[in-house]
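Novice: Starting off with a structure, shown below.
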C-alpha cells in the first residue's frame, strides 16, 4: 500500500502503534533488545525495512562489500536499511558515507543490530540511526553481508522485506504488511483520542475519570 511516511512520522510514535498491535492480537512486535539511537533530536523513524544479514569473517573477500553495496544501490524512497549482525560489535558495518547514499536515494534511516561508526557525521546529517553499539573498525575482513531481502529475526521479532517500522527514543515496533492498513487507521484514531484526553487532563480532569469516560490511558 502507498504510505505518506512524513505524515505518519508527524502523527505517530512507537508506543501508540505498539498499543494498537496489542489490541489486534499481535503483542510481540516490539524489538526487545538494547538497540539505541545514535543521532540526537526529536525524530520519529517511519519506513519500510530492507533486511540484510551479516556474518563474521576472518579474511577479506574477493569482492569487498559486494552484497552490502548491492543492497544500498537497490534502496528506494521510504526504505530503512536493516543489518542483522546478531548483535556483534566487532566492526562498524554502517557509517556516514552509506547514510549519505541512502538519504540521496530517499531512504529514511538505518537499524543496525551490530556496530556503527561515524557518529559525528551521522549527527551532522541528522540521519536516524539505531544501533547495537559503536566501533571505529572497518567491517572489511571482519563482517560481511551475505544475504539481502531475506527474513531475519531481531529481539524476538521476525522482519520481512517491506515491513513497516516505527522507531523513536522509546524503541522500535515492526508492523507486518498484512495488517498495515488496519494498524495505521487504528493508530491515527487512537492518537486523536489521546490528544483529547490530554486536553481534559490538562484542564483538571482526574485520571481515573478520564479513563472511565474514554478508556484511554
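Novice: Among 158, 108, 117, 142, which is in contact with a strand residue (DSSP E or B) (Cβ under 9 Å, 6 or more places away or on another chain), at pLDDT 95 or above, in the same structural domain as residue 26 (by TED's automatic domain parsing) and under 17 Å from residue 3 (Cβ atoms)?
Specialist: Result: 108 is the single residue among 158, 108, 117, 142 that is in contact with a strand residue (DSSP E or B) (Cβ under 9 Å, 6 or more places away or on another chain), at pLDDT 95 or above, in the same structural domain as residue 26 (by TED's automatic domain parsing) and under 17 Å from residue 3 (Cβ atoms).
Novice: Sort through 171, 156 and tell me the only one that's loosely packed, with under 14 Cβ neighbours inside 10 Å and at positive phi.
Specialist: 156
Novice: Pairs under 7 Å by beta carbon, first residue free of Cβ contacts under 8 Å to residues at least 12 places away in the same chain in the range 1-27, partner assigned to a helix (DSSP H, G or I), six or more apart or different chains?
Specialist: Correct list of pairs: 27/21.
Novice: Looking at the range 106-124 only, could you name the residues that are free of Cβ contacts under 8 Å to residues at least 60 places away in the same chain, surrounded by 15 or more Cβ atoms within 10 Å (Cβ to Cβ) and more than 19 Å from residue 53 (Cβ to Cβ)?
Specialist: 117, 118
Novice: Just give me the residues in the range 184-217 being within 30 Å of residue 48 (Cβ to Cβ) and in contact with a helix residue (DSSP H, G or I) (Cβ under 8 Å, 6 or more places away or on another chain), in sequence order.
Specialist: Residues satisfying the conditions are 184, 186, 187, 188, 190, 191, 193, 194, 216.
Matching residues to (1) outside the structural domain of residue 166 (by TED's automatic domain parsing); (2) buried (at least 22 other Cβ atoms within 10 Å of the Cβ); (3) at pLDDT 95 or above; (4) touching a helix residue (DSSP H, G or I) at 6+ places or on another chain (Cβ under 7 Å):
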position: 17; (1), (2), (3), (4): no, yes, yes, yes
position: 30; (1), (2), (3), (4): no, no, yes, yes
position: 42; (1), (2), (3), (4): no, no, no, no
position: 52; (1), (2), (3), (4): no, yes, yes, yes
position: 79; (1), (2), (3), (4): no, yes, yes, no
position: 84; (1), (2), (3), (4): no, yes, yes, no
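Novice: Let me ask something else about it. Consider residue 62 carefully, then state whether it is modelled with pLDDT under 95 and either in a loop (DSSP other than H, G, I, E, B) or touching a strand residue (DSSP E or B) at 6+ places or on another chain (Cβ under 8 Å) (or both).
Specialist: Judged against the criteria, residue 62 is a match.
Novice: Could you pull out the residue among 179, 173, 165, 157 that is out of contact with any helix residue (DSSP H, G or I) (no Cβ under 7 Å at 6 or more places or on another chain), under 13 Å from residue 15 (Cα atoms) and in contact (Cβ under 8 Å) with a residue 60 or more places away in the chain?
Specialist: After ruling out the rest, the residue left standing is 165.
The values are calculated or read from the model by the stated rules, or taken from the named source; none is laboratory data. As the structure is a prediction and not an experimental result, all values here were calculated from the model. Cβ coordinates were reconstructed from backbone atoms using ideal geometry, including for glycine residues, and neighbour counts include every protein chain displayed.
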